[in-house]
Structure formats: C-alpha cells, structure tokens
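Written below as structure tokens is the structure these notes are about.
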Amino acid sequence: MHTHDDRAVKVLNSLIETTMDSAHGYRSAAEGADNPEFKSLFSERAGKREELCRRLQQEVRTFGGEPEDDQSLMGRIHNKFAELRGELGGRDDKGVIDEVERGEDVIKAKFEAAARDTDLPEPARQLVTTAYAEVKADHDTISALKHRMH
C-alpha cells in the first residue's frame, strides 16, 4: 500500500532530477555563451537551481525518503546531445538561449503539474508551489530574452 509520504517522495525525487538537469543545463549554457551578461545570468540560475535541489532533497528526508542525487537519464542524454550539436554546428548565444528555453519549458511543466497534485501532503505542496513560482519567473525571463533575440 502506498502512502501520501511515498507519493511525496516519488514526486519530489522526480522534481529533483529535473532540477538537476536544469542546473547542469545552465552550467553548460554559461560555458557556451559568449556574452558576459549571459554567462553571469546562466551561472546565477545554475546556483538557484542547485539551491532548489537542496531544499527538495531536505523535504524528501522529512518524509523518510532517500533523495535523488543525480540527473535523470534523459537529462544526461539531452545535455550530451546539446553539447555535441554545439561542437558540430558551432555555438552562438542565440542557439544557447534557444536550448536554455527548451529546458525551461520542461522544468516549468513538471513543477506546474506537481503544484496541481492534490495527493501531495500539504508541506510538500507548499514547497512545490513556491518553487513553481520561482521556476515560472525564470522561464518567463528566458522566454522574453529569446524573443528579443529572434
């Protein structure tokens, strides 16, 4: 029989993996960007996502679970693909921002779905709802940046 605590651990661990994917994606984007302003923005966002991972991991522990501590398999594959595409096709800031926005779409959708999950215990829902607001704001900033560049 699954409990609310089991549900919370499963949902939170899934969010941790996606958030780690995002942090790695931002680190890679910071390395690939030419514009110092973008490098700084992406590095700062990577740090925010790493901090969010720590908060989510702590929440998993409060439910008696073992928190994820690595990216998802799909995230690792995506990062390698983006890295290879950058090496083969050449990187420019526009391409880096396009890639970052794709990642932002994924994490935003995942947090949005989790925030609507009425089966999550209240403490987990509060954390997810707060995190979703942060993720959505970051998404909207990157989306606006992308649209200015196109």
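The values are calculated or read from the model by the stated rules, or taken from the named source; none is laboratory data. The structure displayed is predicted, hence computed values, not measured ones. Note: ideal-geometry Cβ built from the backbone for every residue, glycine included; neighbour counts use all protein chains shown. In case anyone asks, the SASA skips ligands and DNA or RNA and just uses the protein heavy atoms, side chains included. Shrake-Rupley method; radii C 1.70, N 1.55, O 1.52, S 1.80 Å.
Data table
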item: Given (1) over 21 Å from residue 25 (Cα atoms); (2) of a type outside the set (S, T, N, Q); (3) modelled with pLDDT under 90, index of the condition residue 125 fails; result: (3)
item: Selected residue [modelled with pLDDT of 75 or more and in contact with a Pro (Cβ under 6 Å, 6 or more places away or on another chain)] from 11, 60; result: 60
item: Segment 43-57 residues that are over 10 Å from residue 131 (Cβ atoms) and of a type in the set (A, V, I, L, M), paired with ones that are open to solvent by 20 Å² or more (accessible area, probe 1.4 Å) and part of a helix (DSSP H, G or I) (beta carbon under 6 Å, 6 or more apart); result: 46/27
item: Evaluation of residue 10 against (1) in contact (Cβ under 8 Å) with a residue 60 or more places away in the chain; (2) farther than 13 Å from residue 135 by Cα; (3) assigned to a helix (DSSP H, G or I); (4) not β-branched (Val, Ile, Thr) (one fails), failing number; result: (1)
item: Output for segment 123-139, where each listed residue is more than 17 Å from residue 63 (Cβ to Cβ) and either crowded, with 20+ Cβ neighbours inside 10 Å or charged (D, E, K, R) (or both); result: 132, 134, 135, 136, 138, 139
item: Search result, residues across segment 93-122 that are aliphatic (A, V, I, L, M) and open to solvent by less than 30 Å² (accessible area, probe 1.4 Å); result: 96, 97, 100, 107, 114, 115, 120
item: Tally of residues being outside any helix (DSSP H, G or I) and surrounded by fewer than 16 Cβ atoms within 10 Å (Cβ to Cβ) across segment 13-57; result: 2
item: Subset of segment 9-32 [among the polar types (S, T, N, Q), closer than 17 Å to residue 60 by Cβ and within 12 Å of the chain's Cα centre (by Cα)]; result: 14, 18, 19
item: Cross-chain or 6+ apart pairs with Cβ under 9 Å, segment 127-142 first and assigned to a helix (DSSP H, G or I), then hydroxyl-bearing (Ser, Thr, Tyr); result: 131/19; 135/19; 135/22; 138/22
item: Residue in segment 82-94 that is under 21 Å from residue 148 (Cα atoms), at pLDDT below 90 and part of a helix (DSSP H, G or I) present; result: yes
